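The values are calculated or read from the model by the stated rules, or taken from the named source; none is laboratory data. None of these values were measured; they are calculated from a predicted model. Note that we place each Cβ from the backbone using ideal geometry, even for glycine, and neighbour counts take in every protein chain shown. Side chains included, ligands, DNA and RNA excluded: accessible areas come from the protein's heavy atoms. Shrake-Rupley method; radii C 1.70, N 1.55, O 1.52, S 1.80 Å.
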Amino acid sequence: MYQPDLSPIADSLGLSALVAALPLLTLFVLLGGLKMKAHWAGLASLGVALLVAVAGYGMSPGLAVLSATQGAAFGLFPIMWIVLTAIWVYQLTVVSGRFEDLRRAFGLISDDPRIQAVIIAFCFGGLLEALAGFGAPVAITGVMLMALGFSPVRAAITVLVANTAPVAFGAIAIPIITAGNLTKIPYTEIGAYVGRQTPLLALFVPLLLVALVDGKRGIRQTWPAALVTGAAFGLAQFVSANYISVELTDIVASLVGLAALVLFLRVWKPQGGQDAKAALKTAAEKELGKEAAEAQEAANATSDRREGSYLMAFLPYLIIIAIFSLAKLWTPFKEFLASTDVKIPWPGLDGNVLNAAGDVVTSTVYTLPWLSSPGTLLLISGVLVALVYKVNPATSVREFGSTVVSLRWALLTVATVLALAYVLNLSGQTITMGTWIAGTGAAFAFLSPILGWLGVAVTGSDTSANALFATLQQAAAAKAGLDPTLLVAANTSGGVVGKMISPQNLTIAATAVGLVGKESQLFRGAIKWSLGLLLAMCVLVYLQSTVLAWMLP
């Protein structure tokens, strides 16, 4: 039986927190500083975490390794299962030829690449986040931007930054529901608080996207459209989270944001679209080589002349919306799916680990959601798409196999990172870091989002970050005389800006755009945006705990 000591190093919480942070520091230094491939950086960081758990915290080597194996299993299923099936559905649209119709359909709204980035990465990506989450939006929208002529690095960083504001309500609001289940605070109340934080991010994210695509010129020439989209998305997020449905928030916000942009473009047109296209072409030639960039451009030009049904182009996503809506919103079906989940007490681990309070931890029971997983729902959607698009079974199976092969390093990376997260959590390293940060008293309101950011940066999941820190946020708030719901919401909102630098998401983005092994390049491109948005969220939560308390429900 293992129970973690919060201060195992010289009986000092601060020193223990520093040692506990070594695996994360290793991960970030190897990725950002030494430009190591994500799977090697993840393996090295896992090794450090195991060493700290055994030598620093006194956890037995057997329990430490078993913790890693459960984390790896969770990383492969359900997380990478979702990514795998999402990319497979996309591949079916490619082999059927319908993906080019979808690209053309978005092109009808605007041929300006800066506006298209907002449409695809922000609005459409937000819709995908609402339905699937767990990296699927990054994978699909990254490929779509590549098809529009974006260079791989620019496409990847654009979709990583775009995948922020919708994350808190992603996968039918599962991060918020998880926080509610753990803290016993009604998830609708947490959602209402989050709905008064992330909309402010949403307001500015489209501006960041046009800046990423075309620099200062992009902001100067397209800011009205970017602000209209961000404002409509944010307002819809606020209204839905507070007055309609927490679960449907991102679906509503994405559709409202897209509708507002379409209507606005009927009365206003940006200047400089052709100049932006030329700049993108130059960047693509520099990154891909002139011949590859010209081949890509020729393929796009050919597809523009292709006749196709726009309704059929959107059909896969209409099917996905229908299936997920049925699975998440129709209670009898939702309960049936949940009843098929298989609970597996992890052999040798379950019942042998206590938390810092002395209670047996429940996270050592692995849940196998073989039917209810979003990945399985995407698989069902893909089968229907293949039938409607008349993709023969042999081709469908071959594409699935090819997708598995293309994701092999991503599978290893995510399994390794989740193994790291489980070792940190079960050994007590995570709670040591969190307790040290929480000991700052009233100033914790400012630091609170950092815990969520840290959790998502490690696990790649806002749901996992809430699983790690929601109850800690609640306890720290009570100790500091702060609103517990505010800090639990801050954990969720702070987490959304950590997703763009998580090794899981970096690997998914790199795989989608053909930059496998170059995750460190994406990390360096995204980290400044992540830290800047985190600072803004810290300031907002601190002000909401004091002079802006009137903003809260």
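Rounded to the nearest Hz, the phi-derived 3J(HN,Hα) couplings of segment 354-363 under the Karplus curve 6.51 cos²θ - 1.76 cosθ + 1.60 (θ = phi - 60°) are 9, 8, 5, 7, x, 8, 5, 6, 9, 6, where x marks glycine and proline. Overall, the accessible surface of the chain at a probe of 1.4 angstrom is composed of carbon and sulfur to the extent of 68 percent. For Ser12 and Ser245, the FRET efficiency from 1/(1 + (r/R0)^6), where r spans their Cβ atoms and R0 equals 56 Å, is about 0.75.
Counting heavy atoms of the protein chains alone, Leu51 has an accessible area of about 120 Å² for a 1.4 Å probe. Phi angles of segment 231-243 translate, via the Karplus equation with coefficients 6.51, -1.76, 1.60 and θ = phi - 60°, into HN-Hα couplings of 5, 5, 4, x, 5, 5, 4, 4, 5, 5, 5, 9, 10 Hz per residue; Gly and Pro are given as x. Cα extents for segment 338-420 along the principal axes, largest to smallest and rounded to whole angstrom: 57, 32, 18. Near Leu92: Cβ cut-off under 13 Å, other residues only, Lys/Arg at +1 and Asp/Glu at -1. The net charge is +2. Taking amide H as placed 1.01 Å from N in the peptide plane, the amide H of Arg196 sits under 5 Å from none that are at least 5 places away or on another chain. For the chain, leaving out every one of the trypsin sites (Lys or Arg not before Pro) that falls in a DSSP loop and has at most 14 other Cβ atoms within 10 Å, the longest unbroken run is 1-183.
The structure shown yields Cα Rg over 2.2 N^0.38 Å, and of the options [x] 0.93; [y] 0.99; [z] 1.59 that calculated value carries the label [x]. Counting only chymotrypsin sites (Phe, Trp or Tyr not before Pro) that are in a DSSP loop and have at most 15 other C-beta atoms within 10 Å, tell me the longest site-free stretch of the chain. Maximal segment without exposed cleavage sites: 1-267. For the listed residue pairs Lys184/Lys334; Lys37/Lys277; Lys281/Lys518; Lys390/Lys499; Lys216/Lys286; Lys479/Lys528, the alpha carbons are over 25 angstrom apart in Lys37/Lys277; Lys390/Lys499; Lys479/Lys528. With r as the distance between the Cβ atoms of Tyr310 and Lys184 and R0 = 45 Å, compute the FRET efficiency 1/(1 + (r/R0)^6) and round to 0.05. Here the calculated transfer efficiency is 0.45. Among Leu76, Leu145, the order of accessible area from largest down is Leu76, Leu145, computed with a 1.4 Å probe on protein heavy atoms.
Size descriptors for segment 445-553, from the alpha-carbon set: Rg then Dmax equal 15.1, 49 Å. In this structure, the amide hydrogen of Tyr2, modeled 1.01 Å from its nitrogen in the peptide plane, lies closer than 5 angstrom to those of Val353, Leu354, counting only residues at least 5 positions away or on a different chain. Taking the helices alone, the chain has a mean residue ellipticity at 222 nm of -23000 deg cm²/dmol, built from -39,500 (n - 2.57) per DSSP H run of at least 4 residues and averaged over all its residues. Solvent exposure of the chain, expressed per residue, is 36 Å² of accessible area, with all protein chains present and a 1.4 angstrom probe.
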